[in-house]
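Visitor: This structure is in structure tokens; I'll ask about it shortly.
The values are calculated or read from the model by the stated rules, or taken from the named source; none is laboratory data. Predicted model only: the values in this text are computed from it and were never measured. Note that each Cβ is placed from the backbone with ideal geometry, even for glycine, and that neighbours are counted across all protein chains shown. Side chains are part of the model used for accessible areas, which takes the heavy atoms of the whole protein and leaves out ligands, DNA and RNA. Shrake-Rupley method; radii C 1.70, N 1.55, O 1.52, S 1.80 Å.
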Amino acid sequence: MIYLPFSSGVQLHPTSLPEGRLGAGAYAWIDWLAEAGQTWWQMLPLGPPDRHRSPYKAASAFAAWPGLLAEPRAAVSRSEELDFREREAYWIEDWAEFGPRGAVADQVRFDREWTTLRAYAADRDVRIIGDVPIYVAPGSADHRAHPQLFQAGRVAGTPPDAYTDKGQLWGNPLYDWPAMQRRGYRWWVDRLRRTFSLFDLARIDHFRGFVSYWSVPASAKHALSGSWKRGPGRAVFDAAARGLERELPLIAEDLGVVTPAVERLRDGLGYPGMVVLQFGFDPGDMGSVHNPWNHVEQRVVYTGTHDHDTVRGWYESIWPERRALVDRSIDEAGVREAEPWWSLIRLAFASPARVAMVQAQDVLGLGSEARMNVPGTKGHSWRWGLSELPPRDLAVRLRAASEAAGRVSRAPGR
């Protein structure tokens, strides 16, 4: 079972930093998190995003986006490139072939900057949570270099859900799981190898897709014509644990259609699942796992994720009956604050879940205009960013909230 300290953190993608890069602003953000008593900085995938800026359809499942570099023109020697190619041989040659000009040098630059930044964070007891999209993008380096690992004529999506009555047509290529199995799931072993070389912990997106996935004809205009197909189960994770000779520090993103089989896989692997406060106040479903009174320890609780509204925007938009349930839960937990969004932050911190995560937008009390992503839409998502870092008084306030919940184990300034 994955052990997580009783702790808290903030989600903010590097592109949302004031300068949008791994430069001085990223170091200042780590200092802010340390002062705020936060253990975790959670971010979205670091790969090269698509034309809509989505990091979930990256041009590579392994390469980092050069757009994050603080010094994109820093010199790279021939020996550095050769050393990197030898060390990262399991993926870099695919990117060298199908990536942009200078692809390898950019990854050397990223490795330098990321290694230094991550060490700076570790020195301040701040750990980094990454994100692993389950699928790769169509036409990505992975798809082009390994076509034998993907199905032809079928693409990924989801059935009708809370976001859309026609389901979501993602369009990602689907894995040919028998072909993966014949190769010992090597591609996934290598992908997780890369993930754990970058992050202390990672959220694996759409975890339920390893149990069963929604398969849609590639010619379909929406996802309604899809059907469920059986996934590989725990075989992928067992192969990775053997190949990497380590426990896999993963959070299972188990939102959506969660069946008993998904729960058995998650619990059998010992991965913490996710609960989201915004899902927890349905008068018709008080038994929901998202209801704060039903939370359990082996979970990560979120006020909301990048796919959800800010907690202020959500609170101000819900029906009176639901808002009354929220207010009652806040009062019963004894975490009432002047601003509803701070009450909800403290309600998340009061959860028995091992880790409590808030969005940076929630700490700032921003409304729906600061939402990071609206699933199923294009053109307006993935663009939100800070004009400046949150002020120090908010760091002090967030530390006080975390300390009151017993989620801080270090002194200020560390």
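Visitor: Could you give every pair whose Cβ atoms fall below 6 Å, whose first residue belongs to region 366-377 and is surrounded by 15 or more Cβ atoms within 10 Å (Cβ to Cβ), and whose second residue is part of a helix (DSSP H, G or I) and modelled with pLDDT of 95 or more, counting only separations of at least 6 or pairs across chains?
Guide: 367/312; 367/313; 370/361
Visitor: Quick check, is residue 87 under 25 Å from the mean Cα position of the chain (by Cα), open to solvent by 20 Å² or more (accessible area, probe 1.4 Å) and farther than 21 Å from residue 131 by Cβ?
Guide: When the stated conditions are applied, residue 87 does not pass them.
Visitor: Mind telling me which of the residues 108, 76 ends up being out of contact with any strand residue (DSSP E or B) (no Cβ under 9 Å at 6 or more places or on another chain) and in a helix (DSSP H, G or I)? Reasoning before the result, please.
Guide: Numbers: 76 fails: in a helix (DSSP H, G or I).
None of the others qualify; the one that does is 108.
Visitor: So, one more: Name the residue, out of 30, 2, that is touching a residue at least 24 places away in the same chain (Cβ under 8 Å), on the phi < 0 side of the Ramachandran plot and either outside any loop (DSSP other than H, G, I, E, B) or touching a His at 6+ places or on another chain (Cβ under 8 Å) (or both).
Guide: Testing whether each residue is touching a residue at least 24 places away in the same chain (Cβ under 8 Å), on the phi < 0 side of the Ramachandran plot and either outside any loop (DSSP other than H, G, I, E, B) or touching a His at 6+ places or on another chain (Cβ under 8 Å) (or both) leaves just 30.
Visitor: Any idea which residue in region 1-31 is surrounded by the fewest Cβ atoms within 10 Å (Cβ to Cβ), counting only those that are aliphatic (A, V, I, L, M) and within 15 Å of residue 357 (Cβ to Cβ)?
Guide: The selected residue is 4.
Visitor: Which one of these does residue 47 not meet: (1) in a loop (DSSP other than H, G, I, E, B); (2) open to solvent by less than 20 Å² (accessible area, probe 1.4 Å); (3) within 28 Å of residue 272 (Cβ to Cβ); (4) touching a residue at least 60 places away in the same chain (Cβ under 8 Å)?
Guide: That leaves (4) as the condition not met.
Visitor: Can you tell which of 26, 89, 75 is among the small types (Gly, Ala, Ser) and in contact with a helix residue (DSSP H, G or I) (Cβ under 8 Å, 6 or more places away or on another chain)? Lay out the reasoning, then the answer.
Guide: On the way: 89 fails: in contact with a helix residue (DSSP H, G or I) (Cβ under 8 Å, 6 or more places away or on another chain); 75 fails: in contact with a helix residue (DSSP H, G or I) (Cβ under 8 Å, 6 or more places away or on another chain).
Unique residue meeting the criteria: 26.
Results for (1) free of Cβ contacts under 8 Å to residues at least 24 places away in the same chain; (2) part of a loop (DSSP other than H, G, I, E, B); (3) surrounded by 14 or more Cβ atoms within 10 Å (Cβ to Cβ), shown as yes or no for each residue.
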{"site": "283", "(1), (2), (3)": "no, yes, no"}
{"site": "290", "(1), (2), (3)": "yes, yes, yes"}
{"site": "309", "(1), (2), (3)": "no, yes, yes"}
{"site": "312", "(1), (2), (3)": "no, no, yes"}
{"site": "326", "(1), (2), (3)": "no, no, yes"}
